[in-house]
């Protein structure tokens, strides 16, 4: 939760695997929810092109400065709107618990991928984690013990942005659980090729299917947009509800 685990290390590779960069070599990659661009710049070292997408203009400006300083601005660009071209791969790191409409995000990702492309996701902590409330988890499971209204009222004592829901605070919280994420994925035409729920280290001995909502630290998965085969791009888009 403090970020100390990623000090002097690649967060991208710790969360998504040491072989990830090799899998992205020579590809067009979208970093969906790129923040200040650290991972996008790292990917730009091997990819053909990288586009970092984020809704916060201030983060985009910092990301552009980072890419320029790293000497990869020619192939690593950023914006608050999705790129016009389709991509070979999409990376989503620490974002799915923050998206206001994660189901719509999955549909957008599907539309942005070329057939055969993959979405590689890592997010956490999920909602029932002891600190799944992020800022609102002032102690373990505080976000479950107190009502949303009570926590928002507490926050209003030192934040004046007018937020009245978890979704409205800076960064947003959509109360994502493991089960909800699975249901969202099941409702898309993506093929789920890998799903891993990583338990909290100290709770590993009691982590199982019954306790996983409360013992999961990180959710990792790989989604694939099926190759065309006998279908057309329009067929797949129609199935996803994309026009």
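With respect to residue 78, determine if the residue is over 25 Å from residue 181 (Cβ atoms), surrounded by 20 or more Cβ atoms within 10 Å (Cβ to Cβ), at pLDDT 95 or above and touching a helix residue (DSSP H, G or I) at 6+ places or on another chain (Cβ under 6 Å). Step through it out loud before you land on a result.
Values: over 25 Å from residue 181 (Cβ atoms): yes; surrounded by 20 or more Cβ atoms within 10 Å (Cβ to Cβ): yes; at pLDDT 95 or above: yes; touching a helix residue (DSSP H, G or I) at 6+ places or on another chain (Cβ under 6 Å): yes.
Judged against the criteria, residue 78 is a match.
Give region 141-196 a look and list any residue that's part of a loop (DSSP other than H, G, I, E, B) and under 23 Å from residue 117 (Cα atoms), or say none. Write out each step before concluding.
So in region 141-196, the residues part of a loop (DSSP other than H, G, I, E, B) come out as 141, 146-147, 156-165, 169-177, 187-190.
Residues satisfying the conditions are 187, 188, 189, 190.
Would you tally the residues in region 169-197 being closer than 16 Å to residue 127 by Cα and at pLDDT below 95? Talk me through it step by step, then tell me what you get.
Narrowing region 169-197 to residues closer than 16 Å to residue 127 by Cα: 169, 171-184, 197.
Applying the additional criterion that residues be at pLDDT below 95 yields 169, 171-172.
Total meeting the criteria: 3.
Restrict the check to region 84-97 and report whether at least one residue is without any contact (Cβ under 8 Å) to a residue 12 or more places away in the chain and closer than 30 Å to residue 49 by Cα. I'd like the intermediate steps shown before the answer.
Filtering region 84-97 for residues without any contact (Cβ under 8 Å) to a residue 12 or more places away in the chain gives 84.
Remaining after also requiring closer than 30 Å to residue 49 by Cα: 84.
Yes, the conditions are met somewhere in region 84-97.
Kindly list, by first and then second residue, each pair from a residue in region 24-41 that is on the phi > 0 side of the Ramachandran plot and surrounded by 24 or more Cβ atoms within 10 Å (Cβ to Cβ) to a residue that is modelled with pLDDT of 95 or more and part of a strand (DSSP E or B), limited to pairs with Cβ atoms under 6 Å and residues at least 6 apart or on different chains.
Short answer, once both residue conditions are applied: 37/52.
Would you point out the residue of region 19-36, among those that are assigned to a loop (DSSP other than H, G, I, E, B) and more than 30 Å from residue 100 (Cα to Cα), that is nearest to the chain's Cα centre (by Cα)?
Keep residues of region 19-36 that are assigned to a loop (DSSP other than H, G, I, E, B), which gives 19, 25-27, 33-36.
Pick out the ones that are also more than 30 Å from residue 100 (Cα to Cα) and you get 19, 25-26.
On the way: 19: 19, 25: 21, 26: 22 Å.
Taking the candidates together, the pick is 19.
Every residue in region 192-210 that is within 30 Å of residue 226 (Cβ to Cβ) and in contact (Cβ under 8 Å) with a residue 24 or more places away in the chain, please.
Pass one, region 192-210, residues within 30 Å of residue 226 (Cβ to Cβ): 192-198, 209.
Hits for region 192-210 are 192, 193, 194, 195, 196, 198.
Among (1) under 15 Å from the mean Cα position of the chain (by Cα); (2) under 17 Å from residue 40 (Cβ atoms), which single condition is residue 88 missing?
(1)
Name the residues in region 100-117 that are part of a loop (DSSP other than H, G, I, E, B) and either at pLDDT 95 or above or in contact with a strand residue (DSSP E or B) (Cβ under 7 Å, 6 or more places away or on another chain) (or both), would you?
Going residue by residue through region 100-117, those that are part of a loop (DSSP other than H, G, I, E, B) are 100-101.
Result: 101, single match.
The values are calculated or read from the model by the stated rules, or taken from the named source; none is laboratory data. Note that the coordinates shown come from a computational prediction; the quantities given were computed from them, not determined experimentally. Don't worry about glycine lacking a Cβ; one is built from the backbone with ideal geometry, like all the others, and counts go over all protein chains shown.
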